[in-house]
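First the structure, in the form of structure tokens, and then the observations on it.
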Amino acid sequence: MRYKGIVIYPEELSDYWLDRVADSGMNFLGIHPMGGNLQGKPIAEAIEWVQRPETQRLLERAESLGIAVEYEMHALSWLMERELFAEHPDWFRMDENGERTNDYNCCASSEEGLAHLTERAAKLASIFKTPTGRYHFWTDDVPKPKCHCPKCREISAADETMKIYNAINRGIQSVDPNGCQSYLAYDNVIDGPDTVKPDKGIYLEFAPMLRNTQRTICDPESEMNKRAVAPIRRLIELFGTKDAQVLEYWLDNSWFSDWKMPIRRFAFSPDIVAIDSAYYEKCGFETITTFGIYLGEDYYKSFGEHFDVHSYSKAVGKLSD
């Protein structure tokens, strides 16, 4: 295993989390601006956050501790600014009624629109440059954001998404030649593309959101989990195992807390994490992570106890030498 760690909100990054990650033997922190259909606001706020002197100090300390920090964000509404709709409606998706709309995502068949995505991705990669060269600039976090224009109608939602990620990847590599962009396999695009091939530099990020975290991911008696892992073999064949990452929900206390305060006390099963992690590693995944939002310093202040990240780290397994 190359990396193992936790994904948190930007405002949660602190010396507290850096100490906990380092002490537990993990080497990865993902920074995830809040998802949902909030347009580009979380990304704009994250840009302001990452430029603060205190944030830069924390990032430098993370590097000194051997912790890789990456940025995992639903960035499409920032990459394709909604205000461009008046001038370029053809850059935006067509809904089921045949109307162009700037609600989310874009039209994956607009070459001009894709070129704009490439330019904006270059700018975003310059702001959120990572020490690993791995980037996670995802499509909007909304259900069924497909374009229904005559051209997009002929391809799957996953093929549309693949075209978008290829365009983003080109922008990343224009400023970071060794950079690579993740294909986020989750929700309605978890099966991966059918006809559009990933460009060089695209890697797999598997996020089985529609799973039962109370059962192991490979439990043959869990129909939900059987459906969740069904695409893995095909995804690995398509994207390969280089940089392949799991983004799990084992420790997602934001989900458990309905994405709002007050934080709820959280419990997880190390046994499930251990079995799941062994399964993922056998599949060839090099990095295993989970959302771990609402488990940091605020959790300690709320309950007077540290969340047991050591048990999580031990359950995930050992890093390769």
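The values are calculated or read from the model by the stated rules, or taken from the named source; none is laboratory data. Keep in mind that what you see is a predicted model, and the values were worked out from it rather than measured. Cβ atoms come from the backbone with ideal geometry, glycine included; neighbour counts cover every protein chain shown.
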(request) Filter segment 293-321 down to residues that are aliphatic (A, V, I, L, M) and not in a helix (DSSP H, G or I) and give me whichever is surrounded by the most Cβ atoms within 10 Å (Cβ to Cβ). (result) LEU295
(request) Have a look at LYS144, LYS123, LYS151 and point out the one that is without any contact (Cβ under 8 Å) to a residue 60 or more places away in the chain, more than 15 Å from the chain's Cα centre (by Cα) and at positive phi. (result) LYS144
(request) Sort out which residues of segment 299-321 are more than 16 Å from ARG265 (Cα to Cα) and among the aliphatic types (A, V, I, L, M), and write them in order of number. (result) ALA315, VAL316, LEU319
(message) Looking only at segment 279-292, count every residue that is in a helix (DSSP H, G or I) and not hydrophobic (A, V, I, L, M, F, W, C) and tell me the total.
(response) 4
(request) Would you list the helices (runs of 4 or more DSSP H) that sit entirely within segment 1-96 and hold 1 or more residues that are within 18 Å of the chain's Cα centre (by Cα) and surrounded by fewer than 19 Cβ atoms within 10 Å (Cβ to Cβ)? (result) 41-50
(message) Need the failing condition index for PRO145 against (1) in contact with a helix residue (DSSP H, G or I) (Cβ under 8 Å, 6 or more places away or on another chain); (2) at pLDDT 95 or above; (3) buried (at least 20 other Cβ atoms within 10 Å of the Cβ); (4) of a type outside the set (Val, Ile, Thr), just the number.
(response) (2)
(request) Of all residues in segment 148-162, count the ones that are surrounded by 20 or more Cβ atoms within 10 Å (Cβ to Cβ) and out of contact with any Asp or Glu (no Cβ under 8 Å at 6 or more places or on another chain). (result) 4
(request) Consider GLU70 carefully, then state whether it is touching a residue at least 40 places away in the same chain (Cβ under 8 Å), out of contact with any helix residue (DSSP H, G or I) (no Cβ under 9 Å at 6 or more places or on another chain) and either of a type in the set (D, E, K, R) or over 17 Å from ILE168 (Cβ atoms) (or both). (result) yes
(message) For HIS136, only one of the following conditions fails: (1) in contact with a strand residue (DSSP E or B) (Cβ under 9 Å, 6 or more places away or on another chain); (2) not in a strand (DSSP E or B). What is its number?
(response) (2)
(request) Restrict the check to segment 107-123 and report whether at least one residue is assigned to a strand (DSSP E or B) and not hydrophobic (A, V, I, L, M, F, W, C). (result) no
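Conditions tested, residue by residue: (1) aliphatic (A, V, I, L, M); (2) in contact with a Leu (Cβ under 9 Å, 6 or more places away or on another chain); (3) over 16 Å from LEU295 (Cα atoms).
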| position | (1), (2), (3) |
| --- | --- |
| GLY5 | no, yes, no |
| ILE47 | yes, yes, yes |
| GLN56 | no, no, yes |
| LEU65 | yes, yes, yes |
| TRP78 | no, yes, yes |
(request) Would you kindly identify the helices (runs of 4 or more DSSP H) lying entirely within segment 155-256 that contain at least 1 residues that are touching a residue at least 40 places away in the same chain (Cβ under 8 Å), under 20 Å from TRP138 (Cβ atoms) and under 18 Å from the mean Cα position of the chain (by Cα)? (result) 157-175, 232-239, 253-256
(request) Test ALA108 against the criterion of being in contact with a Cys (Cβ under 6 Å, 6 or more places away or on another chain) and touching a residue at least 12 places away in the same chain (Cβ under 8 Å), and give yes or no. (result) yes
